[in-house]
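Colleague: Handing you a structure now.
The values are calculated or read from the model by the stated rules, or taken from the named source; none is laboratory data. Note that this is a predicted model, so its numbers are computed, not measured. FYI the Cβ positions are ideal-geometry reconstructions off the backbone, even for glycines, and counts take in every protein chain you see. Quick note on the areas: whole protein, heavy atoms, side chains included, nothing else; ligands and nucleic acids left out. Shrake-Rupley method; radii C 1.70, N 1.55, O 1.52, S 1.80 Å.
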Amino acid sequence: MRTDIFARLDREPEPPKIETPRMSRHRIALFGGTLAFYLAIVIAVLMSSWLVTLDWKVMLFRPYQQWPQIHAFLDYYVVLGQRGPTAVMVACWLGWRSWRQHTLRPLLTLGASLLLLNVTVGAVKYGLGRLGPHYATQIGSAELFAGGDIFPSGHTANAVVTWGILAYLAATPRARRYLSAMSAVVSLGVGLTTVYLGTHWLSDVVLGWAAGLLILLGLPWCEPMITRAENWIFAARERLSARSRLVPAPPVAAGDPQPVPAGQPAAAAVEAEAEAAQGQVRPPVATGSHPAAVAVVTTATGSRPRAHTTPPAHQGHPARSERTPVTPAGSRRPPHADRTPRGGTAPARPVAGG
């Protein structure tokens, strides 16, 4: 079983840079058309036009009573439009992408889109204060400014933004087309499900689709801010990591032994501290000096030379001249009776013959 899979993935090369969407003429035209449609829906509801009449007809039809067999399934399906569960699911996927691509742009883009969704949709919700179908008080009325918060539909707008952000951040045109179709189907189904359950008017759902689409179309305007936020976060991380590498020295209380500087032998530091306690001043020992270096000690009464031999900086292997001879003193040759030792007199040999 391989245990280094995450380390191997982190060492993989970064994928090609994803092209950041820009506000092209086509996108600006779509944004302007969607904004005009958005304002037209709001004006139609404010004027209690035919759109409000259609809302009441669909509400009185009671779809949940016409097709009760799909009620249980749609109760679970509508969760795909709730902000909490969908944001967690999409954030997990985008977090994986951010880690693989070594960038925070996917997560920051999701955060910017959800922030825009809360601000824009929430402001219109509480500003118009429309009541839902289950709390309506007068048939044919738009039920505006009554303390409600369902216009536009938050479920529908959240489904458009949360699932549409996957298509917005797609790496290839083919993936963008598939994800756009998927997000359109999911958001369309979530909006119609709220109408089936009777929690929203039909005009709420239509306005929610337009609100979510406006946020997706306007996200390129937020790209410079997202880039600056990413650069600031990475710079802050570098500053924190650099600060953590600089570990400060612990404070030394009065009377405690001073820490030994790097490169100064421990014996020399102890001797210097003892001389300082006796009123003597000794210059610091230079690192890298010869072991037989001589220091001059200045006393309180005068100055006189005093030899101090500093121990070697490292207590490892001694120098060749300082090593103890391996062989004992004397000759290693065995004694021979017929050989004369050096410096001595040769023994007398017997004289052959008579």
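Colleague: What is the distance in Å between the Cα centres of region 160-186 and region 27-86?
Modeller: With region 160-186 and region 27-86 each reduced to a Cα centre, they are spaced 21 Å.
Colleague: Another one. Taking +1 at the Cβ of each Lys and Arg and -1 at the Cβ of each Asp and Glu, which of TRP221, TRP232, VAL190 sits farthest along the dipole of region 146-252 towards its positive end, judged by Cα position relative to the Cα centre?
Modeller: TRP232
Colleague: In nm, give the distance between the simple-model label positions of MET89 and TYR76, each being 7 Å from the Cα along the Cα-to-Cβ direction.
Modeller: Each label point is offset 7 Å from its Cα along the Cβ direction, giving 1.2 nm.
Colleague: Could I ask something else about it? Length gain on complete extension for the stretch ALA29 to ARG245, per 0.36 nm per residue less the alpha carbon to alpha carbon distance?
Modeller: Gain on stretching ALA29 to ARG245: 72.5 nm.
Colleague: Work out how much length LEU46 to TRP99 would gain on full extension: take 0.36 nm times their residue separation and subtract the Cα-Cα distance, in nm to one decimal.
Modeller: 14.4 nm
Colleague: If you don't mind, there's one more thing I want to ask. Fully extended, how many nm does the chain gain between THR137 and GLU238 (0.36 nm per residue separation, minus their Cα-Cα distance)?
Modeller: Working it through step by step, the gained length comes to 30.4 nm.
Colleague: How far apart, in nanometres, would the label points at ALA229 and TYR126 be if each is projected 7 angstrom from Cα along the Cα-to-Cβ direction?
Modeller: Reported label-point gap for ALA229 and TYR126 is 2.1 nm.
Colleague: Here's something else I'd like to know. Compute the Cα gyration tensor for region 126-250, then decide on rounded, prolate or oblate, letting a ≥ b ≥ c be the square roots of its eigenvalues: rounded whenever a/c is under 1.5, prolate when a/b is larger than b/c in the other cases, and oblate in all that remain.
Modeller: Details: a/c = 3.49, a/b = 1.95, b/c = 1.79.
Because a/c hits 1.5 or more and a/b exceeds b/c, region 126-250 counts as prolate.
Colleague: Work out the FRET efficiency for LEU60 and ARG174 from their Cβ-Cβ distance, taking R0 = 56 Å, and round it to the nearest 0.05.
Modeller: 0.80
Colleague: What shape does region 21-115 have by the C-alpha gyration tensor, where a ≥ b ≥ c are the square roots of the eigenvalues, rounded means a/c under 1.5, and otherwise prolate means a/b greater than b/c and oblate the rest?
Modeller: oblate
Colleague: Quick one: accessible area per residue over region 106-234, 1.4 Å probe, rounded to a whole number of Å²? Please report the intermediate quantities before stating the final value.
Modeller: Details: 5360 Å² over 129 residues.
On a per-residue basis, region 106-234 sits at 42 Å².
Colleague: When a/c reaches 1.5 or more, the comparison of a/b and b/c decides; with that in mind, is region 99-195 rounded, prolate or oblate per its Cα gyration tensor?
Modeller: oblate
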